[in-house]
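Following: one structure in structure tokens, then a few remarks.
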Amino acid sequence: MVQQTGRIVTIKACQLSLSVIRSYATTTERFVPKYKNVTSSDVQILSEFIDKGRNILVMTGAGISTESGIPDYRSQGVGLYATSKSRPVIYQDFVKSEKVRQRYWARNFIGWPMFSSVQPNISHKFLKKLEDLGKVCWLVTQNVDALHYKAGSTKLTELHGSTHRVACMRCDYKVPRSELQVMIETLNPTWRAFSNELAPDGDIQLSQEEIEGFQTPLCPKCSGPLKPEIIFFGDNVPKSTVNFVFEKVQECDKVLVIGSSLEVYSGYRFALRASEMKKPISLLNIGPNRADKLADLKIDAKCSDVLKQVTLS
């Protein structure tokens, strides 16, 4: 069972120039919260943990992608909750309200060129090498950015889905997000808005006045509402996916958590199950972690600062 993103094509919308994308790429460090310096002891202990692993279950969160330029929600001082009064879309609101869907797709349309242009960083590439060495039982990410897919990981479950896929809520129609971008441009030939501030799930902030006049895309097959294939706040991860990951917890010999506070239960439950099964757990993340008391090893540092020094054999 391989759960991964399909074909990814980056579309540059008329609202965003290539120079803006390049400028944005140079400011990615601003989304990384304050972090401690890495010690040689940290690197050595984690290297030994990984070296002795033969079937490691890896779990990643938003902290692995902040270095690529994607902000997160909870990081102290730099996350969305700390810097904005805006909050993510709630699943029930998206389903029930045409206005909410209009607001979501308008914001996502403007943010997509920048979001889809973000590239994997050292940490994503490290995990691809770890998989190539045959050490990865499975990789479970809470991120919806497809950066693990871009890095080449194949033993992959996107626990909360991916913004790179869109589906109709009434019928079986599905479309790559890149193709939907063209459909939206066709629907809105004169509508314009602009922002160079990206939000965690690929949208941007627009006022209600800016959103007025935006035509929301509908399913070309049944005219039903379209939804990105992600788990919105208030929605649940499919039971089949949860059960599949629990099977991987059973199969693995160790658990390595990178860039996640595991604050959300959808990810924490797997660390909890691993602890109950006496599986060794290592955490690499900036700041407190919900699984701190479960871990055999905790490294409080920036992911790439540690992983670029870990030697794989």
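The values are calculated or read from the model by the stated rules, or taken from the named source; none is laboratory data. These numbers were taken from a predicted model, which means no experiment stands behind them. Heads up, the Cβs are rebuilt from the backbone with ideal geometry, glycines too, and the neighbour counts pull from every protein chain shown. The area values use the complete protein model at the heavy-atom level, side chains included, leaving out ligands, DNA and RNA. Shrake-Rupley method; radii C 1.70, N 1.55, O 1.52, S 1.80 Å.
Overview of values
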item: Residue within the range 299-311 that is more than 30 Å from residue 40 (Cα to Cα), touching a helix residue (DSSP H, G or I) at 6+ places or on another chain (Cβ under 6 Å) and open to solvent by 50 Å² or more (accessible area, probe 1.4 Å) present; result: no
item: Count of residues meeting criterion [open to solvent by 60 Å² or more (accessible area, probe 1.4 Å) and modelled with pLDDT of 50 or more] in the range 14-40; result: 8
item: Within the range 252-278, tally of residues that are assigned to a loop (DSSP other than H, G, I, E, B), modelled with pLDDT of 95 or more and surrounded by fewer than 20 Cβ atoms within 10 Å (Cβ to Cβ); result: 3
item: Boolean, residue 241 is in contact (Cβ under 8 Å) with a residue 40 or more places away in the chain, assigned to a loop (DSSP other than H, G, I, E, B) and β-branched (Val, Ile, Thr); result: no
item: Options 198, 180: the member that is farther than 30 Å from residue 53 by Cβ, touching a Pro at 6+ places or on another chain (Cβ under 9 Å) and part of a loop (DSSP other than H, G, I, E, B); result: 198
item: The range 151-174, residues that are in a loop (DSSP other than H, G, I, E, B) and either of a type in the set (A, V, I, L, M, F, W, C) or under 22 Å from residue 88 (Cα atoms) (or both); result: 159, 160, 169, 171
item: Residues that are within 22 Å of residue 213 (Cβ to Cβ) and of a type outside the set (A, V, I, L, M, F, W, C), drawn from the range 87-101; result: 93, 97, 98, 99, 101
item: Members of the range 279-298 found to be of a type in the set (Lys, Arg) and either crowded, with 18+ Cβ neighbours inside 10 Å or touching a residue at least 24 places away in the same chain (Cβ under 8 Å) (or both), listed by number; result: 279, 290, 298
item: Residue under evaluation residue 122, criteria (1) within 17 Å of the chain's Cα centre (by Cα); (2) surrounded by 22 or more Cβ atoms within 10 Å (Cβ to Cβ), criterion not met; result: (2)
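Listed here are the residues, each with its yes/no results for (1) closer than 30 Å to residue 46 by Cβ; (2) part of a loop (DSSP other than H, G, I, E, B); (3) at pLDDT 95 or above.
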| residue | (1), (2), (3) |
| --- | --- |
| 131 | yes, no, yes |
| 139 | yes, no, yes |
| 193 | no, yes, no |
| 206 | no, yes, no |
| 227 | no, no, yes |
